[in-house]
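First up is the structure itself, then whatever we jot down about it.
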Amino acid sequence: MEKDQYILGIETSCDETAVAIIKNGREIVANVVASQIESHKRFGGVVPEIASRHHVEQLTIVLEEAMSQAKLEFKDIDGIAVTEGPGLVGALLIGVNAAKALSFAHQIPLVPVHHIAGHIYANRLVTEMKFPLLSLVVSGGHTELVYMKEHGHFEVIGETRDDAAGEAYDKVARTLNMPYPGGPHIDRLAQVGEPSINLPRAWLEEGSYDFSFSGLKSAVINTVHNAEQRGETIKPEDLAASFQESVIDVLVTKTLKATEEYKVNQVLLAGGVAANKGLRNRLEEAFGESNVELVIPPLSLCTDNAAMIAAAGSIFFEKGQRAGLNLNANPGLDITIHNQ
Ligand code: KG4
Ligand code: ZN
């Protein structure tokens, strides 16, 4: 019988300090996440310096908790997977340095992971991946359509040219005086509103799978300001529903089009905005009758976590991808570094 493979994952790219251990690429044996949302809330967004400080304070505690949940020792761990980038450089550095220290102290291979590859691989913790596939990655920092012909091979066929979808949600929520992160609040409001306000949809050039959300965000802000100046009231729930309708319309239409063009077997949803009820419902409607399998991970695996980093790391480990102790955080890392 082959020995089980255990990969320990570390994620510190933004405002979650996370450590997880995955068995044989697909089974979660420990998954610990310490969120900093409460500390950033009063500033209306993530403050990089505060994020780094929290990671330093939390990482050892989170690591010890994960090891104790898994009931494993470091001699059992085959690889240490860590988010190399993209993300906040100071935040990434804490995870990268912790991973290097563990790798050096216990002589365990170090496996660098691209954060978005992690988000996509959260899906492998739910079901087997069937290639070729397409992943719609929608988070606070990214909006991308990624095509995969096989494990560990990524082709970005479309990405946002300005704001990420989650970022647009957070900014619109701030305009409506809602706390950070605003996505869930807008989503909740949108369920009870009518999409009665006309807002733009950025389709971009014919055939492009790129996205743009900054024009939509500005249109929402202008709508609010114009109404204030005229002394009119706009129902926030209608504005939320109209904004959400515009975002979902573009995301779902482009995903469907790419699904047909690339003849994929599966569509994987990834990233924090995958929590959005409207988006989930619309995708389920769109793929309900089709031969393409739609996979939507549970919320805990859609937002930042280390299980996804370990799941991706397991594939890269098998492919022999390693980093030395000179590994550095890389906030501008390209996902295609994994295509070897
Ligand atoms: O993937 P994630 O946890 O962090 C990044 O890597 O960016 O995504 C966080 C983003 C935030 O912008 C948050 O507002 C958004 O996901 N989000 C949502 C919902 N839940 C979280 N956006 C829309 N609807 C939701 N229900
Ligand atoms: Zn993320």
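Right, THR17: open to solvent by less than 10 Å² (accessible area, probe 1.4 Å), modelled with pLDDT of 95 or more, under 18 Å from ALA310 (Cα atoms) and among the hydroxyl-bearing types (Ser, Thr, Tyr) or not? Here the answer is no, as THR17 does not meet what is asked.
Screening the range 149-176 for residues that are within 15 Å of ligand 1 (Cβ to nearest atom), in a loop (DSSP other than H, G, I, E, B) and over 20 Å from THR303 (Cα atoms) and picking the one that is modelled with the highest pLDDT gives ASP162. Which members of the range 268-291 meet the condition of being in a helix (DSSP H, G or I), touching a strand residue (DSSP E or B) at 6+ places or on another chain (Cβ under 7 Å) and within 16 Å of ligand 2 (Cβ to nearest atom)? VAL273, ALA274, listed by residue number.
Here PRO297 clears all of (1) open to solvent by 10 Å² or more (accessible area, probe 1.4 Å); (2) assigned to a loop (DSSP other than H, G, I, E, B); (3) in contact (Cβ under 8 Å) with a residue 60 or more places away in the chain except the condition numbered (1). Quick one: how many residues across the range 143-169 are open to solvent by 40 Å² or more (accessible area, probe 1.4 Å) and within 16 Å of ligand 2 (Cβ to nearest atom)? Counting residues in the range 143-169 that are open to solvent by 40 Å² or more (accessible area, probe 1.4 Å) and within 16 Å of ligand 2 (Cβ to nearest atom) gives 3. Number of residues in the range 300-339 that are over 15 Å from the mean Cα position of the chain (by Cα), polar (S, T, N, Q) and part of a helix (DSSP H, G or I): the value is 2.
Against the condition touching a His at 6+ places or on another chain (Cβ under 7 Å), outside the structural domain of VAL46 (by TED's automatic domain parsing) and not small (Gly, Ala, Ser), how does TYR180 come out, does it pass? Give the steps one after another, and end with the answer.
Values: touching a His at 6+ places or on another chain (Cβ under 7 Å): yes; outside the structural domain of VAL46 (by TED's automatic domain parsing): yes; not small (Gly, Ala, Ser): yes.
Yes.
So that you can scan it fast, the table gives a plain yes or no per residue for (1) of a type outside the set (Asp, Glu); (2) more than 16 Å from ligand 1 (Cβ to nearest atom):
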residue: GLU65; (1), (2): no, yes
residue: SER68; (1), (2): yes, yes
residue: LEU88; (1), (2): yes, no
residue: ASN97; (1), (2): yes, yes
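In the range 91-104, is there at least one residue being hydroxyl-bearing (Ser, Thr, Tyr) and touching a residue at least 40 places away in the same chain (Cβ under 8 Å)?
Step one: list which residues in the range 91-104 are hydroxyl-bearing (Ser, Thr, Tyr), which gives 103.
From the residues that got through so far, the ones that are touching a residue at least 40 places away in the same chain (Cβ under 8 Å) too are 103.
Yes, some residue in the range 91-104 is hydroxyl-bearing (Ser, Thr, Tyr) and touching a residue at least 40 places away in the same chain (Cβ under 8 Å).
Any chance you could count how many residues in the range 20-58 are in a strand (DSSP E or B), closer than 18 Å to ILE108 by Cβ and away from ligand 1 (no atom under 16 Å from the Cβ)? Total meeting the criteria: 5.
Residue by residue, here is whether (1) over 27 Å from ILE315 (Cα atoms); (2) not acidic (Asp, Glu) holds:
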position: VAL46; (1), (2): yes, yes
position: GLU49; (1), (2): yes, no
position: LEU59; (1), (2): no, yes
position: ALA66; (1), (2): no, yes
position: LYS71; (1), (2): no, yes
position: PRO86; (1), (2): no, yes
position: GLY90; (1), (2): no, yes
position: HIS106; (1), (2): no, yes
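Only one residue in LEU63, LEU72 is part of a loop (DSSP other than H, G, I, E, B) and under 23 Å from LEU301 (Cα atoms), so which one is that? Being part of a loop (DSSP other than H, G, I, E, B) and under 23 Å from LEU301 (Cα atoms) holds for just one of LEU63, LEU72, which is LEU72. For the range 58-78, filtering for residues that are over 25 Å from the mean Cα position of the chain (by Cα) and surrounded by 19 or more Cβ atoms within 10 Å (Cβ to Cβ) leaves 1. For the range 105-139, taking the residues that are assigned to a loop (DSSP other than H, G, I, E, B), under 23 Å from ILE157 (Cβ atoms) and open to solvent by less than 30 Å² (accessible area, probe 1.4 Å), the one that is nearest to ligand 2 (Cβ to nearest atom) is identified as SER139. In the range 181-202, is there at least one residue being in a loop (DSSP other than H, G, I, E, B), under 26 Å from LYS41 (Cβ atoms), in contact (Cβ under 8 Å) with a residue 12 or more places away in the chain and open to solvent by 20 Å² or more (accessible area, probe 1.4 Å)? Yes, there is a match, as at least one residue in the range 181-202 is in a loop (DSSP other than H, G, I, E, B), under 26 Å from LYS41 (Cβ atoms), in contact (Cβ under 8 Å) with a residue 12 or more places away in the chain and open to solvent by 20 Å² or more (accessible area, probe 1.4 Å).
The values are calculated or read from the model by the stated rules, or taken from the named source; none is laboratory data. Please read these numbers as outputs of a predicted model, since none were measured by experiment. Cβ coordinates were reconstructed from backbone atoms using ideal geometry, including for glycine residues, and neighbour counts include every protein chain displayed. Accessible surface is based on the protein model in full, side chains and every heavy atom, while ligands, DNA and RNA are left aside. Shrake-Rupley method; radii C 1.70, N 1.55, O 1.52, S 1.80 Å.
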